[in-house]
Each structure stands twice: as C-alpha cells, then as structure tokens.
Amino acid sequence: MIQAIVFFPLLGFFIAGLFGRVIGARASELVTTGLMLASAVLSWIVFIQTGFGPAGKTLVLGNWFSSGNLSVDWAFRVDTLTAVMLVVVNSVSSLVHLYSIGYMHEDPSRQRFFAYLSLFTFAMLMLVTSDNLVQMFFGWEGVGLASYLLIGFWYEKPTAVAAAMKAFIVNRVGDFGFAFGIFVVFALTGSVSYDAIFARIGDLSALKLHLLGIEWDTMTIICLLLFIGAMGKSAQFLLHTWLPDAMEGPTPVSALIHAATMVTAGVFMVARLSPLFEASPTALTVVMVVGATTAFFAATVGLVQNDIKRVIAYSTCSQLGYMFVALGSGAYGAGIFHLFTHAFFKALLFLGAGSVIHAMHHEQDIRKMGGLFRKIPLTGAMMAIGTLALTGFPFTAGFYSKDAIIEAAFASHSSAQSYAFLMLVLAAGMTSFYSWRLFFLTFLGKARWGQDAHHADDHHAHVQGDHDHGHGHAHEPHESPLVMTIPLILLGLGALVAGIVFAPAFIGEGYSEFWKGAIFTSEHNHILHEMHDVPEWVKQSPFIMMTGGFVLAWVFYIRKPDWPRQLAASQPMLYKFILNKWYFDELYEVIFVRTAKWLGRFLWKQGDGRVIDGMGPDGVSARVLDVTGWAVRLQTGYLYHYAFAMLIGLAGFMTWYMFGGAH
C-alpha cells in the first residue's frame, strides 16, 4: 500500500509530462487527479491503521547505492509521524489537483502544470517516508526543484521568473547547512540511517569539536546545521524572503507550497530528528527564538499588505514560527498537531482567495473589492470558516493547536520562554486583526469594484494579477464552479472538526498510544503535562488577543474606515517600515546581491578574461599570431630574398656542425 501511495503521483507525472500532448489536457487532468485522490484515500487508511493500530514498520525496497563506508538503502519508514504527513500532503494535494481543473481551465499549458504538481507531491512523499538522511535530502531537493518549476510556471512574466530564482537560491543557502550537517553526522557515526544515528546519541553528546580555538558541543553543532536547512525550507526569519514572492505562481501552487507541503518540511525534519534535538538544549533554545521572532515579524508585515495572497502568505510564515516554538519547547506533538490543522484552514484560505480572484477577473488588491459576500456567498462562508480557524476561535481546528503551543511556550523551561510567550501572544492579536481586515475589505462594506467604484486614491495600489491577461471589471463577480467549491467545502469541514477530533491523540491522554515512539521525548521532558497546568490567564490570553484583534479590525474597516489612512499618515516612517517588510529585501540587495554581482563581474573580466584567457588560450594564440606575422614578412616573392635566407640557414648549420655537432 505504501508503494502505491508514494508512486501514484510519480506515475501521474510521467503520464502528463511525457504523453500530455498526445492524450490532451483533459485526460492529463483526470489521470493525475484520479491518481492523487487514490493516494489520498490510501493515506487515510494508513493513518488509521498506524496511528490507532499497531506500531509502524520499515519497508526496505533495496540498496540504493554504496560508496566506500557509505551504504544507503531505499526504504520507507512508516510510523505515526509518516502517516500524519501522508494524510496532510496527499489530502491537500489531491484537492489542489481537483481545484486546478477549474482554476486553470483557460491555461494552454495545463498538462505541464499538472505534471509539475504531481512531481512536487512525489518529492514531498519521498521526504516524509525516508528512513535515512540521504533519502530525506533527495526528497528535500526534489521539492526545491518542483517549487522552482511551479513558482515560475508562467515563465513569460519576468516577476515570476525572478520569484522562482529567488526561492531556489535562498533555499540553497539553507540546504548548504543541511548538507553540511549530514556530512558531520556521517563522519562521526559512519551512518546516515536514523536508527543507527539515534543509537549513537550518547557517544555524540560526549564529543567536543575544536574549531577556531573554541571547544564546541558536537550535538549542538549538528542540530544547528540541520536547523539551518529547516529555516530555509520553512521560511524562518532571515531566510524568509522567498516566501511572499512565491505568490507569483498560480494560486493552487500557493495553496500546495504554503499550506501543507514544502514549508512544513522543516518542521517535519526537526520532529523526525527529535532524539538529536532533545540532546541539545541550546539548539532547542535557538529553534524557539527563531520561531518566536518569525511569528512576530511576519504578523507585523501582514498588518498592512494589500495583495490578498500576500496577506495569507505572511500568515503562513507566522504560523510556521508557532510550530517551531512548539518544537523548541519540546512539545513536538503540539508542533505537528498545528502543522496538521494548519494544512486544512490555510489551504482553505488560499483556495478561497483563488476563488475570489477568479470571481474578480484576476484582481488581487483587497482595496478594490468589498461587498462580495452577496455575490459569492459560498466562497465568503468558507473564507469566514478559514479565518475563524486561523485566529483560534473556540472549537475550531486552530483553537486547539494554536492555544496548545502558547501554553507550551509559557510552561517551557527554556531561557527564551518569556520572550517566546510574549511574541506568540502579540502575534495572535495581530493575526486576528489582519485576517479580519482581509475578510472585511473583501466581503463586507461597500463595493469598490466595477467602473463606478474606482477612486483617485487607488492610483498607488500595487496589483499583481494572477495570470492577468488584461481582464477588466466590466462583468459582475460570480461564484466559482463546483470543481473549485467542492475542495473548499471539504477543507472547511477539516478546519472546523480536525482539532476537536484529533486533539486527544496528538496532545491529550492518547498521546503515547498514538505516537508510539515516532516522536521522542526524553525522561526529563514533561512539557505535555506542564502545559495543561498553566495559570488560567495564560489559557485565556489567546482568546483575549483574538477578540481584541477582531474588534479593532471591525472598528477600522467597518465602523471608521477613514482611520487606517489617518493612522498611516500620522506614522509614515513606521508604516513604510512595515509595508516594506522591514527592508530585508533592500538590505539583502545591498549586502549580498550587489556584492555577488560585483564579485562575479570581477572574476569574469579580470580572473577569467585577463588572467586565465590572457595567459592561456588567448595569450598563446596572440603570440602565435605575432610569430606568424614576422614569418609572413619573409614571403616577399623575390628570389634573392629566398637565396639569402637559405645562405643564412646554411651558415648557421655549418657553424653548429663545426663547433657543436662534430664531437
């Protein structure tokens, strides 16, 4: 069964990719979507059997390769953590495939698009089913490649190409740390298999590395190197800049990448390697600090974004920070639980945004919307459910997982406990504000679309239309077809009930029976018990912040719609600072991009052109030309010149014979 789950998407990729032009776009859509739906159904069966049945198993397909002391098997590790990720990846991917049939119906390259979607899913499945670090890295890089292809799917758009390159390059920075961590692990343990590495944790903890005259804790160095890879893939603070720009891809891609798959790879990796991180309190503290900083930073930027997809993208970045705080506090189950619930409501929000964009003829600026609820009520209702779940409204999916993380942060014994708790609570308030701001501006209030609704003050609006082919707004907004709304309804159901149904297993009394050792916690880690004993004000703080954010958004955008403009005008520096994403892109442009371009140009012109080519092939050819230029002068056509040259040669030969060659 596990082989079918993993290889069905690969089969769909080959069929659509190799034979798409032969069988046509419709057949490509149906084949890839059908195989993904089958994979999703089988994933739920494995999830129920593994999570609520006997312990998992490892299925070895065979030896992948051997090189010296390195032997890598091709194996599937099927435990509860794998089963959870299979459900998340395949459920969201299958619904994205189904949704894309309607959303991409006008695109002439649908075969290529569906092939890329299936390839992306296969790479992610290879990552989450891996039984060793090399196989995980294979899936890790496969996801990076497929994301590059999907983000830059509309390669005619320069912005899409630039966004794809940015995502690829920024992820390579993180991947370098991940690869280096794998090298260190193999050098110290002689293996890349999880079980073999975990068995050597005691020996690794006792080792010290001497570098630059400083003694370093080996386990901390390993974990931090691996975490750098997680920072890049999961868009954590400092390596986050690629995530918002990835919105240049089609909206279904945004849902697939940012809801349940690529960005959660880093969270999965830390949870999978929890035995290593449990042995390094310093590394866990770093994970917590980075996660808390990301949650706060992304929430601030989301407050002022006007592109509907970018608001949700920064929300994703912030929620990933929550997951890492949970991992850093040792509450690995809570982190994976939020990954699980987040997949439903964030995919719902992204696909709902796509439905809005579809209804608005590719408009993405929420300042040019308004009053859409009466035009697209089903999409509006599903977006409301997604917003409630994201903000942590009681009894929705986000309520159980998000509040659990905030409680775990408070109960943690980490030195960063107070900082993480404060950042998460503040981020909860800002999340509620910008989420309801998006909903109010899009669905409520007066209509700001249509020929009569454009105002002069909209000239500064930054619009990046999803595959904008010049469609205007002459037509009335309309509800999306069933093939797009059915995925919304299913995801909305998950956003409502996934928390209350699965909370006991993920973080409650059924924790041990559910995880069965798939996630490791040391004997000193009692966070799951302590987080339930925090003071009542801690438990109520997320609800208070959520309510405050909702009320503030209602006042600003329903009751007093002029206040936001007045507030921005009164604080221009702060507004521009947040609007420009803390100027990280500009800072990186100066420090890294321009420096890299200068260095590349210098090595090209001076190193390659002047030194290598000048002293190598170009220099040799120039000297040959000089010599032949002098030799050509002897070819005058006069007989006495040739006779003179022959006499000179004869004299030289006789001289050599008499004084040097007669011995």
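The values are calculated or read from the model by the stated rules, or taken from the named source; none is laboratory data. Keep in mind it's a predicted model, so treat the numbers as computed, not measured. As a convention, Cβ positions derive from the backbone with ideal geometry for all residues, glycine included, and neighbour counts pool all protein chains shown. Only protein heavy atoms, including side chains, enter the accessible area calculation; ligands, DNA and RNA are left aside. Shrake-Rupley method; radii C 1.70, N 1.55, O 1.52, S 1.80 Å.
Looking at Gly333, is it of a type outside the set (Phe, Trp, Tyr) and over 25 Å from Tyr511 (Cα atoms)? Write out each step before concluding.
Numbers: of a type outside the set (Phe, Trp, Tyr): yes; over 25 Å from Tyr511 (Cα atoms): no.
No.
State which residue pairs qualify: first residue within 21 Å of Met369 (Cα to Cα) and open to solvent by less than 20 Å² (accessible area, probe 1.4 Å) and inside region 283-309, second residue polar (S, T, N, Q) and in a helix (DSSP H, G or I) in any location, beta carbons under 6 Å apart, and separation of 6 or more residues or different chains.
Final answer for the pair search is Gly302/Ser315; Lys309/Ser254.
Condition test on Gln305, is it farther than 25 Å from Phe137 by Cβ and not in a helix (DSSP H, G or I)?
Working: farther than 25 Å from Phe137 by Cβ: yes; not in a helix (DSSP H, G or I): yes.
It is true that Gln305 is farther than 25 Å from Phe137 by Cβ and not in a helix (DSSP H, G or I).
From the set of residues in region 144-172 that are within 13 Å of the chain's Cα centre (by Cα) and open to solvent by 10 Å² or more (accessible area, probe 1.4 Å), which is nearest to Pro108 (Cα to Cα)?
Taking region 144-172 and keeping what is within 13 Å of the chain's Cα centre (by Cα), we get 144-148, 150-151, 163-164, 166-172.
Now drop any that are not open to solvent by 10 Å² or more (accessible area, probe 1.4 Å), which leaves 145, 148, 166, 168-170, 172.
Values: Leu145: 22, Tyr148: 20, Lys166: 26, Phe168: 25, Ile169: 29, Val170: 30, Arg172: 31 Å.
Among those that are within 13 Å of the chain's Cα centre (by Cα) and open to solvent by 10 Å² or more (accessible area, probe 1.4 Å), it is Tyr148.
Listed residues Thr50, Thr58; which is at pLDDT below 95, more than 25 Å from Arg112 (Cβ to Cβ), touching an Asp or Glu at 6+ places or on another chain (Cβ under 9 Å) and open to solvent by 40 Å² or more (accessible area, probe 1.4 Å)?
On the way: Thr50 fails: open to solvent by 40 Å² or more (accessible area, probe 1.4 Å).
That would be Thr58, the only listed residue that is at pLDDT below 95, more than 25 Å from Arg112 (Cβ to Cβ), touching an Asp or Glu at 6+ places or on another chain (Cβ under 9 Å) and open to solvent by 40 Å² or more (accessible area, probe 1.4 Å).
I need the full set of residues from region 1-27 which are farther than 22 Å from Thr261 by Cα and either assigned to a helix (DSSP H, G or I) or touching a strand residue (DSSP E or B) at 6+ places or on another chain (Cβ under 9 Å) (or both), in order please. Walk me through how you get there before you give the answer.
Here is the first cut: in region 1-27, the residues farther than 22 Å from Thr261 by Cα are 15, 18-27.
Those that are farther than 22 Å from Thr261 by Cα and either assigned to a helix (DSSP H, G or I) or touching a strand residue (DSSP E or B) at 6+ places or on another chain (Cβ under 9 Å) (or both): Ile15, Leu18, Phe19, Gly20, Arg21, Val22, Ile23, Ala25, Arg26, Ala27.
Taking Thr241 as meeting all but one of (1) under 19 Å from Ala160 (Cβ atoms); (2) of a type in the set (Val, Ile, Thr); (3) buried (at least 24 other Cβ atoms within 10 Å of the Cβ), write down the number of the exception.
Unmet condition: (3).
From the set of residues in region 216-246 that are of a type in the set (Gly, Ala, Ser) and assigned to a helix (DSSP H, G or I), which is nearest to Leu339 (Cα to Cα)?
Filtering region 216-246 down to residues of a type in the set (Gly, Ala, Ser) leaves 229-230, 232, 234-235, 246.
Those still in the list that are assigned to a helix (DSSP H, G or I) too: 229-230, 232, 246.
On the way: Gly229: 18, Ala230: 14, Gly232: 17, Ala246: 20 Å.
Top of the filtered list is Ala230.
Report every pair of residues separated by at least 6 positions or lying on different chains whose Cβ atoms are under 6 Å apart, first residue within region 475-488 and surrounded by 16 or more Cβ atoms within 10 Å (Cβ to Cβ), second basic (Lys, Arg).
Pro477/Lys375
Just need a number here: residues in region 513-542 that are open to solvent by 80 Å² or more (accessible area, probe 1.4 Å) and either among the hydrophobic types (A, V, I, L, M, F, W, C) or touching a helix residue (DSSP H, G or I) at 6+ places or on another chain (Cβ under 7 Å) (or both). If you could, list the steps in order and put the result at the bottom.
Going residue by residue through region 513-542, those that are open to solvent by 80 Å² or more (accessible area, probe 1.4 Å) are 513, 520, 523-524, 526, 529, 532-533, 536-537.
From what's left, either among the hydrophobic types (A, V, I, L, M, F, W, C) or touching a helix residue (DSSP H, G or I) at 6+ places or on another chain (Cβ under 7 Å) (or both): 520, 537.
Counting residues in region 513-542 that are open to solvent by 80 Å² or more (accessible area, probe 1.4 Å) and either among the hydrophobic types (A, V, I, L, M, F, W, C) or touching a helix residue (DSSP H, G or I) at 6+ places or on another chain (Cβ under 7 Å) (or both) gives 2.
Restricting attention to region 354-379, and to residues there that are within 18 Å of Ile101 (Cβ to Cβ) and among the aliphatic types (A, V, I, L, M), which single residue is modelled with the highest pLDDT?
Leu378
Report whether or not Leu378 is surrounded by fewer than 24 Cβ atoms within 10 Å (Cβ to Cβ) and either under 23 Å from Phe439 (Cβ atoms) or of a type in the set (A, V, I, L, M, F, W, C) (or both).
So Leu378 passes the test.
Counting only residues that are open to solvent by less than 10 Å² (accessible area, probe 1.4 Å), in a helix (DSSP H, G or I) and touching a helix residue (DSSP H, G or I) at 6+ places or on another chain (Cβ under 6 Å), how many does region 388-416 have?
11
Looking at the structure I just gave you, is Gln606 open to solvent by 100 Å² or more (accessible area, probe 1.4 Å) and polar (S, T, N, Q)? Walk me through it before giving the result.
Working: open to solvent by 100 Å² or more (accessible area, probe 1.4 Å): no; polar (S, T, N, Q): yes.
Spelling it out, it is not the case that Gln606 is open to solvent by 100 Å² or more (accessible area, probe 1.4 Å) and polar (S, T, N, Q).
List pairs: first in region 75-98 and outside any helix (DSSP H, G or I), second of a type in the set (Val, Ile, Thr) and open to solvent by less than 10 Å² (accessible area, probe 1.4 Å), Cβ under 6 Å, 6+ apart or cross-chain?
Phe76/Thr129
Only residues that are under 14 Å from Thr485 (Cβ atoms) and part of a helix (DSSP H, G or I): list them for region 366-387, please.
Listed by number, the residues that qualify are Pro377, Leu378, Thr379, Gly380, Ala381, Met382, Met383, Ile385, Gly386.
State all residues of region 247-267 that are under 8 Å from the mean Cα position of the chain (by Cα) and in a helix (DSSP H, G or I); if no residue qualifies, say none. Walk me through it before giving the result.
Going through region 247-267, the residues under 8 Å from the mean Cα position of the chain (by Cα) turn out to be 257-258, 261-265.
Hits for region 247-267 are Ile257, His258, Met262, Val263, Thr264, Ala265.
Residues of region 609-625 being charged (D, E, K, R) and open to solvent by less than 80 Å² (accessible area, probe 1.4 Å), which ones?
Pass one, region 609-625, residues charged (D, E, K, R): 610, 613, 618, 623.
Of everything in region 609-625, just one residue is charged (D, E, K, R) and open to solvent by less than 80 Å² (accessible area, probe 1.4 Å), namely Asp613.
Output yes when any residue across region 319-333 is surrounded by fewer than 24 Cβ atoms within 10 Å (Cβ to Cβ) and over 26 Å from Pro377 (Cβ atoms), and no when none is. Quick ask: steps written out before the conclusion?
Step one: filter region 319-333 for residues surrounded by fewer than 24 Cβ atoms within 10 Å (Cβ to Cβ), giving none.
Within region 319-333, none of the residues are surrounded by fewer than 24 Cβ atoms within 10 Å (Cβ to Cβ) and over 26 Å from Pro377 (Cβ atoms).
Can you run down the residue pairs with Cβ atoms below 7 Å, 6 or more apart or on separate chains, where the first is in region 113-138 and closer than 14 Å to Val78 by Cα and the partner is small (Gly, Ala, Ser) and assigned to a helix (DSSP H, G or I)?
Met126/Gly139; Met126/Gly142; Leu127/Gly139; Leu127/Ala265; Ser130/Gly139
One residue is enough: does region 563-585 have a residue meeting the conditions assigned to a helix (DSSP H, G or I), open to solvent by 80 Å² or more (accessible area, probe 1.4 Å), more than 30 Å from Gly302 (Cβ to Cβ) and basic (Lys, Arg)?
Taking every residue of region 563-585 in turn, none turns out to be assigned to a helix (DSSP H, G or I), open to solvent by 80 Å² or more (accessible area, probe 1.4 Å), more than 30 Å from Gly302 (Cβ to Cβ) and basic (Lys, Arg).
Taking the condition of being over 23 Å from the mean Cα position of the chain (by Cα) and buried (at least 23 other Cβ atoms within 10 Å of the Cβ), how many residues in region 417-431 meet it?
Let us first name the residues in region 417-431 that are over 23 Å from the mean Cα position of the chain (by Cα), namely 417-419, 421-422, 425-426, 429.
From what's left, buried (at least 23 other Cβ atoms within 10 Å of the Cβ): 421.
Of the residues in region 417-431, 1 are over 23 Å from the mean Cα position of the chain (by Cα) and buried (at least 23 other Cβ atoms within 10 Å of the Cβ).
If Thr33 passes every condition in (1) of a type in the set (Val, Ile, Thr); (2) farther than 15 Å from Leu10 by Cα; (3) in contact (Cβ under 8 Å) with a residue 40 or more places away in the chain but one, which one does it miss?
(2)
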